[in-house]
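Chemist: Take a look at the following structure, please.
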């Protein structure tokens, strides 16, 4: 069931900060060497969950979301063999410095935003010039009032700073029960007539 959508992106999330990808840690490298392990051979990116499907009614693609705390972690992802199997790359910056660093990248598709996201009009313009999209997820709005207010505040920020240009709304759903059809999302999310939706 596509709920009226024409595109479904099946997401895989990798928290690079937990894996230590891109971090310089001599002690960990030395332990790995003693155990006969080769860090360069480790592929931190899992294989996609589904095969791509494209027909007249529904397109299914694979999306990779990486949560990073430094830009070096993103560079390691680019070297992954499994990374090449994905259609969409989204990056969730875990701090302000990473957010600034990825704004100049032409290798990513989406910046996943949260209520802590802070952006200036100049940064917004740079992102648009690089054809980057900002993502807001409606899933948290279904949890409780506080989460709903956080999402609405983020939506307002993106509208004030960049007139909601290059904004997409996704479900961030882990279950099909969390998915809403586009008309329901439009009722949840103000200014949604300006943006794109996908599951």
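Chemist: Within region 74-91, track down each residue that is under 24 Å from residue 154 (Cβ atoms) and at pLDDT below 95.
Modeler: Of everything in region 74-91, just one residue is under 24 Å from residue 154 (Cβ atoms) and at pLDDT below 95, namely 74.
Chemist: Considering only region 144-157, I want to know if a residue exists there that is part of a loop (DSSP other than H, G, I, E, B) and modelled with pLDDT under 90.
Modeler: Yes, the conditions are met somewhere in region 144-157.
Chemist: Could you go through region 88-96 and let me know if any residue there is over 30 Å from residue 59 (Cα atoms) and without any contact (Cβ under 8 Å) to a residue 24 or more places away in the chain.
Modeler: yes
Chemist: Here is a further query. May I ask you to say which residue of 50, 21, 45 is assigned to a loop (DSSP other than H, G, I, E, B), surrounded by 14 or more Cβ atoms within 10 Å (Cβ to Cβ) and at pLDDT 80 or above?
Modeler: 45
Chemist: Filter region 182-199 down to residues that are surrounded by 13 or more Cβ atoms within 10 Å (Cβ to Cβ) and either part of a helix (DSSP H, G or I) or at pLDDT 80 or above (or both), then give me how many there are.
Modeler: Count: 6.
Chemist: Also, quick follow-up: Working only within region 166-181, note down all residues that are under 14 Å from residue 113 (Cα atoms) and either free of Cβ contacts under 8 Å to residues at least 12 places away in the same chain or part of a loop (DSSP other than H, G, I, E, B) (or both).
Modeler: 166, 171, 172, listed by residue number.
Chemist: Still on this structure: For residue 148, are the conditions met, namely being surrounded by 20 or more Cβ atoms within 10 Å (Cβ to Cβ) and either within 16 Å of residue 14 (Cα to Cα) or in contact with a helix residue (DSSP H, G or I) (Cβ under 9 Å, 6 or more places away or on another chain) (or both)?
Modeler: In short, no.
Chemist: Then there's this: Would a scan of region 54-73 turn up a residue that is farther than 20 Å from residue 172 by Cα, modelled with pLDDT under 80, part of a strand (DSSP E or B) and out of contact with any strand residue (DSSP E or B) (no Cβ under 7 Å at 6 or more places or on another chain)?
Modeler: Scanning region 54-73, I find at least one residue that is farther than 20 Å from residue 172 by Cα, modelled with pLDDT under 80, part of a strand (DSSP E or B) and out of contact with any strand residue (DSSP E or B) (no Cβ under 7 Å at 6 or more places or on another chain), so the answer is yes.
Chemist: While we're on this one: Within region 74-97, how many residues are within 16 Å of residue 18 (Cα to Cα), under 15 Å from the mean Cα position of the chain (by Cα) and assigned to a helix (DSSP H, G or I)?
Modeler: The qualifying residues number 2.
Chemist: Another question, if that's okay. I'd like to verify a number: residues in region 99-122 that are touching a residue at least 24 places away in the same chain (Cβ under 8 Å), more than 15 Å from the chain's Cα centre (by Cα), within 24 Å of residue 75 (Cα to Cα) and in a helix (DSSP H, G or I), how many?
Modeler: Selection size over region 99-122: 1.
The values are calculated or read from the model by the stated rules, or taken from the named source; none is laboratory data. Since the structure is predicted, the reported quantities are computational estimates derived from the model, not experimental observations. Cβ atoms come from the backbone with ideal geometry, glycine included; neighbour counts cover every protein chain shown.
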